[in-house]
Amino acid sequence: APAFVLPPLEAGGQGLSNADVTGRISLLNVFASWCQGCRVEHPTLLRLAREGKIPLYGINWKDKPGDGLKWLKANRSPYLKVGDDSNGRLGIDLGVTGVPETFVVDRSGRIRYRHAGPITEDVWQETFEPLLASLRSER
């Protein structure tokens, strides 16, 4: 993953940096309040957060100031930390073409998989679970 430091969505909150997603396998999810696919995947992300099996971090991409925070407050946030990428710079560095997009980051901070589109329960079981099992078995 590229080196990055994003400001928080909420004044006084914690932002997000590449250091947060290094040292353990984690998911980096790019979302926006205006994104229909993000609404589709949100129940799956909330379930993953409840189960606590994998750290989930959010990047609020190209949103109007305050909109991402309002959306997360209204719909509950599944993220441990969220960074504000309102100008889309990190999205460019990651190669984001639209939202939602989710990146699997390995223990060394390297992106091992990019998923464009919503993470539904089927996508989670068929794509993410096998990949994560494989990554967990690596030393």
* To do: Can you confirm whether region 58-69 contains a residue that is in contact with a His (Cβ under 9 Å, 6 or more places away or on another chain) and either modelled with pLDDT of 95 or more or open to solvent by less than 20 Å² (accessible area, probe 1.4 Å) (or both)?
  => no
Of those in region 79-96 that are touching a helix residue (DSSP H, G or I) at 6+ places or on another chain (Cβ under 9 Å) and of a type in the set (Gly, Ala, Ser), the residue least open to solvent (accessible area, probe 1.4 Å) is 83
For residue 114, indicate whether it is surrounded by fewer than 19 Cβ atoms within 10 Å (Cβ to Cβ) and assigned to a loop (DSSP other than H, G, I, E, B). no
Only one of 121, 138, 126, 101 is of a type outside the set (Val, Ile, Thr) and in contact with a Phe, Trp or Tyr (Cβ under 9 Å, 6 or more places away or on another chain), namely 101
Could you say whether any residue in region 28-37 is of a type in the set (Phe, Trp, Tyr), within 22 Å of residue 124 (Cα to Cα) and either without any contact (Cβ under 8 Å) to a residue 12 or more places away in the chain or buried (at least 17 other Cβ atoms within 10 Å of the Cβ) (or both)? yes
Checklist entry - Do the conditions hold for residue 104, that is, is it under 30 Å from residue 134 (Cβ atoms), touching a Cys at 6+ places or on another chain (Cβ under 6 Å) and not in a helix (DSSP H, G or I)? => result no
Conditions (1) closer than 15 Å to residue 26 by Cα; (2) touching a residue at least 60 places away in the same chain (Cβ under 8 Å) -> residue 51 fails only (2)
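The values are calculated or read from the model by the stated rules, or taken from the named source; none is laboratory data. What you see is a predicted model, and the numbers here were worked out from it, not measured in a lab. Neighbour counts run over all protein chains shown; Cβ positions are idealised from the backbone, glycine included. When the accessible area is computed, the model is the full protein with side chains, heavy atoms only, and any ligands, DNA or RNA have been set aside. Shrake-Rupley method; radii C 1.70, N 1.55, O 1.52, S 1.80 Å.
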